[in-house]
Amino acid sequence: MAGQPAPKIEESWQLALSEEFDAEYFAELKEFLHKEVATQTIYPPGKLIFSAFNLTPLTAVRVVIIGQDPYHGAGQAQGLAFSVSDGMRIPPSLQNIYKELHQDLGIPIPASGNLEKWARQGVLLLNATLTVRAGQAGSHQGRGWEQFTNEAIRAISDLRAGIVFLLWGRFAQEKAALIDTSKHFILKAAHPSPFSAHKGFFGCRHFSKTNEILRANGMGEIDWNPVGEIFSEPVSEK
């Protein structure tokens with residue numbers, strides 16, 4: 001990728017992932033995306049591809065939630081796992097996340113599926129694949145994004161401590177191999193999809209358990225209500 005600028009991404013992530021931007025696989029990924037954009041409709045829009053990183057600096061991460069790839073419907077994807085833009089119909093998995101949130105913490109079920117408030121508090125909403133063709137789920141898998149996002153998980157594991165990883169479903173749970181469990185916390189449950197939520201996602205109480213862990217480690221609680229003002233800003237490490 002010599003001579004080409006690296007993607008615009010938040011400074012602490014840029015520093016931690018600089019070798020990835022210079023790697024051959026990333027050059028091939030970028031070339032693939034250029035061709036896709038020229039001939040296909042791609043989600044999310046280019047300026048939102050790295051939203052998870054830009055809204056949640058590496059230095060501010062407190063919690064990681066891992067998804068698979070972006071929503072492939074028009075106007076849905078905004079660069080955050082499980083989240084959709086304001087005004088969009090709330091997808092089934094997020095509906096189930098909200099149901100568990102209500103059962104766990106009594107938070108009213110929101111009318112919006114926008115999870116930016118979580119991201120701004122240090123909840124990294126990371127999809128393993130960061131782009132997708134319109135109407136074609138999984139269409140950008142195996143092109144290099146997984147290698148890039150695996151390195152992001154490794155960076156959190158190596159450079160931070162006391163982070164809570166919420167691994168929902170088999171795909172996310174495979175990422176546990178990237179995480180140093182001697183210095184981080186992993187909570188596992190079934191995926192919130194309607195096909196599996198009743199197999200262990202409902203009743204997992206991951207939201208209250210996460211706050212218990214964060215409090216015990218002096219990292220402050222997450223305000224899990226997706227709407228309203230943030231009452232607890234993350235404190236970035238210097």
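The values are calculated or read from the model by the stated rules, or taken from the named source; none is laboratory data. All values reported here derive from a predicted model rather than from experimental measurement. Because the Cβ atoms are built from the backbone with ideal geometry, glycine has one as well, and the counts that use them run over all protein chains shown. Accessible surface areas use protein heavy atoms only, side chains included; no ligands, DNA or RNA. Shrake-Rupley method; radii C 1.70, N 1.55, O 1.52, S 1.80 Å.
Some notes on this structure:
- Restricting the range 44-85 to residues that are of a type in the set (S, T, Y) and assigned to a loop (DSSP other than H, G, I, E, B), the residue that is nearest to Q136 (Cα to Cα): Y71
- Members of the range 136-154 that are more than 14 Å from L33 (Cβ to Cβ), open to solvent by 10 Å² or more (accessible area, probe 1.4 Å) and in contact with a helix residue (DSSP H, G or I) (Cβ under 8 Å, 6 or more places away or on another chain): Q147, N150, E151, R154
- Applying the criterion of being charged (D, E, K, R) and touching a residue at least 60 places away in the same chain (Cβ under 8 Å) to the residues of the range 34-86, the residue that is farthest from P226 (Cα to Cα) is E36.
- Residues satisfying the stated conditions in the range 53-88, i.e. open to solvent by 10 Å² or more (accessible area, probe 1.4 Å) and of a type in the set (F, W, Y): Y71, F82
- Flag if G203 is at positive phi and modelled with pLDDT of 95 or more: yes
- The range 174-232, subset without any contact (Cβ under 8 Å) to a residue 60 or more places away in the chain and under 17 Å from K117 (Cβ atoms), residue least open to solvent (accessible area, probe 1.4 Å): N211
- Tally, over the range 3-21, of residues that are at pLDDT 95 or above and either surrounded by fewer than 15 Cβ atoms within 10 Å (Cβ to Cβ) or among the acidic types (D, E) (or both): 6
- Of everything listed in (1) touching a Gly at 6+ places or on another chain (Cβ under 7 Å); (2) among the acidic types (D, E); (3) more than 15 Å from W145 (Cα to Cα), the single unmet condition for D69 is (3).
- The range 206-235 - residue that is in contact with a Ser or Thr (Cβ under 8 Å, 6 or more places away or on another chain) and farther than 14 Å from R62 by Cα and, of those, modelled with the lowest pLDDT: V227
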